[in-house]
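The structure under discussion appears below in the form of C-alpha cells.
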Amino acid sequence: MASSDISEEQRQTTASITLGVLNAVEGDRAVTQRRIAADLGIAVGLVNAYLKRCVNKGLIKVQQVPKRRYAYYLTPKGFAEKSRLTASYLLYSFDFFRQARASCEQKLGEAAANGWKSLILVGRSDMAEIALVCALHHPLRVVAVVDEGAAGQESFASLPLVPRIGAVTEPFDGALITDIADAQKAYDVAVAELGADRVLVPHLLAQAIARPRQSGDEV
C-alpha cells in the first residue's frame, strides 16, 4: 500500500502503537511482548510486528538473554524518534481540540440563529465535553446526553445520560452529534427520531457521515 493511500487515522494509530512500544522498551528492557500487548490493548502478534519494524528501522536493538528471553534497548535513533512521536501526539491532540471547538462553536451558533433554546448531545465523548463548554457562550441549554451504552442512573457532566433519545424527559429543539466512535450510526438514529432538520453535525465529523449536504455545511 502506498503511503498516500494511508488515511490520517491509520497514520495516527501506527504512530500511537510505535510510541507505546518505544515507551515500554525504555521503561523496562526485559519487558515481554505479552506485557506490551496487555498494556496497549493489542494482539501479541501485532506487538511482534511493530518490534520487528522498530528493529529494522534501527530504533531498537534486541539481545538474547538466558532462559530464551530477550532484552530490548532503545538506540539513540530510537530516543530521537520517541521524542518526535511524543511531540507529534501532543500537537495532534491540541489540533483535535482546536478543530472540535471550532466545529461545535459554528454549529451551536447556527442552532441559536435558528431560534433553538435547548438541545441534546448524541454521543458520550471528548467532543461532547467540548460542546458543553462551547454551549456556555450561546443562549442554549443542553438538557441531556444520549449514549446507547448508558445504563441505570448515570450522568455526564452533571447532565442526565440516557441510552436513547426517547428517554430524554425534558423538551428540546434539536440534537448535536458528538459521537466520535460511530458518528454515522448516531446520525442515522437521530434523524430517524427527529428528522434531518433537527440534527446538526459538527464539520469535524461530517466526513464520517454519508448524508445530503445542508446549507451552512463546511466544504
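Before moving on, here are some points about what is shown:
- Some residue of segment 104-115 being without any contact (Cβ under 8 Å) to a residue 40 or more places away in the chain, in the same structural domain as Ser155 (by TED's automatic domain parsing) and touching a helix residue (DSSP H, G or I) at 6+ places or on another chain (Cβ under 8 Å): yes
- Members of segment 15-25 that are in contact with a strand residue (DSSP E or B) (Cβ under 9 Å, 6 or more places away or on another chain) and either in a loop (DSSP other than H, G, I, E, B) or under 15 Å from Arg84 (Cα atoms) (or both): Val21, Leu22
- Selected residue [surrounded by fewer than 19 Cβ atoms within 10 Å (Cβ to Cβ) and more than 19 Å from the chain's Cα centre (by Cα)] from Leu132, Leu159: Leu159
- Qualifying residue in segment 66-77 (condition: over 30 Å from Val201 (Cβ atoms), out of contact with any helix residue (DSSP H, G or I) (no Cβ under 8 Å at 6 or more places or on another chain), β-branched (Val, Ile, Thr) and surrounded by fewer than 13 Cβ atoms within 10 Å (Cβ to Cβ)): no
- When the criteria are applied in full, Ala175 fails the requirement of being under 22 Å from Gln106 (Cβ atoms), in a helix (DSSP H, G or I), touching a residue at least 40 places away in the same chain (Cβ under 8 Å) and not polar (S, T, N, Q).
- Taking the conditions (1) more than 15 Å from Ala100 (Cα to Cα); (2) touching an Asp or Glu at 6+ places or on another chain (Cβ under 9 Å) in turn, Gly149 satisfies each one other than (2).
- When segment 82-123 is filtered for residues that are under 30 Å from Val21 (Cβ atoms) and touching a Ser or Thr at 6+ places or on another chain (Cβ under 8 Å), the ones remaining, listed by number, are Leu85, Tyr89.
- Take the conditions (1) surrounded by 19 or more Cβ atoms within 10 Å (Cβ to Cβ); (2) in the same structural domain as Ala190 (by TED's automatic domain parsing); Glu81 misses just one of them, which is (2).
- Test result for Ser125, touching a Phe, Trp or Tyr at 6+ places or on another chain (Cβ under 6 Å), touching a residue at least 40 places away in the same chain (Cβ under 8 Å) and within 21 Å of Val201 (Cβ to Cβ): no
The values are calculated or read from the model by the stated rules, or taken from the named source; none is laboratory data. These numbers come from a predicted model, not from an experiment. Neighbour counts run over all protein chains shown; Cβ positions are idealised from the backbone, glycine included.
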